[in-house]
1. Report the calculated FRET efficiency for residue 48 and residue 209 (r = Cβ-Cβ distance, R0 = 25 Å), to the nearest 0.05.
2. Using alpha carbons only, how many angstrom separate the centre of the stretch 140-164 from the centre of the stretch 47-78?
3. Return the inverse of the average 1/r over all pairs of distinct C-alpha atoms in the chain, which is the Kirkwood hydrodynamic radius, in Å to one decimal.
4. At 0.36 nm per residue, and after removing the present C-alpha to C-alpha distance, how many nm does the segment from residue 18 to residue 134 gain when stretched out fully?
5. Sticking with the crude label model, points 7 Å out along Cα→Cβ, report the distance from residue 9 to residue 57 in nm, one decimal please.
6. Can you pull out the trypsin sites (Lys or Arg not before Pro) in the stretch 114-218 that DSSP calls coil and that have at most 11 other Cβ atoms within 10 Å?
7. Roughly what % of DSSP beta bridges within the stretch 117-219 run antiparallel, to the nearest 5?
8. Who wins for biggest fluctuation among 92, 102, 181 in a Gaussian network model of the chain, springs between alpha carbons below 10 Å?
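None of the figures in this text is laboratory data; all of them are computed from the coordinates on show. On a predicted model such as this, the values are computed, not experimentally measured, just so you know. Glycine gets a Cβ as well: all are built from the backbone with ideal geometry, and neighbour counts include every protein chain shown.
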Amino acid sequence: MTRLATAPERTHRLIPSRFPPINAFEAVTQPADLAPVLELEGWTNDRLVAARVKRLSQAEWVYGRPNASVVMASFLHGAPQGTRFADAALGAWYAANQIETAVVEVANGIRREIAESALQQKTEELREYTAALTGDFVDIRGAYPELHDPDPASYPTAQSFGRTVRAGPHAGIVYDSVRHAGGTNWVAYRPTRVLDVLQGRHYRLVVPERGQVHCGEMR
């Protein structure tokens, strides 16, 4: 029997500030108006993004509301190799119960970038978004170690599981943070289930190749 859970009132997501928000989806009131707006904004110049737009059902598009483009970007932009529970075909909205968990998760990704470069340290400025996630999420916390494996080489197994959940009736997956002990992460597969998105605080994250990560709120 599938165990299900609902998200807390607010969840937290961090996005690098080097990706400025582009208000494409906020500016329209019906799907038919999106094509010229997306072309004007250059969203579909990337062939990967263009393919993802076609894969995402119009019934799941969000538009005409604050921060709609931030939500849609998480599904249409992203790593070409995918993420833990979302393959390259289509992205997803990742968030955490606590901002501390979101910081640790982002720092881990930055540390991987450092390992693949000649850098010894990297500084990233981030902006926070809080959101309400609605619907039932498949709860795999405390179970399925193969889906919680910290090695990115294990992601194809988790991505296969994610495709199964995305194709079903549920909103997404809730799972244990592999990087932050006791932390909880959410992955939402339906843009229409990501509601009341608000921009929050700004942070500066300093990540060394090894050792302690430093995170401070920017004023």
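1. 0.25
2. Cα centroid of the stretch 140-164 versus Cα centroid of the stretch 47-78: 24 Å apart.
3. 18.0 Å
4. Here the answer is 38.9 nm.
5. Going by the 7 Å Cα→Cβ label model, 3.1 nm.
6. Answer in residue order: 210.
7. 90 percent
8. Looking only at 92, 102, 181, the biggest GNM fluctuation is shown by 181.
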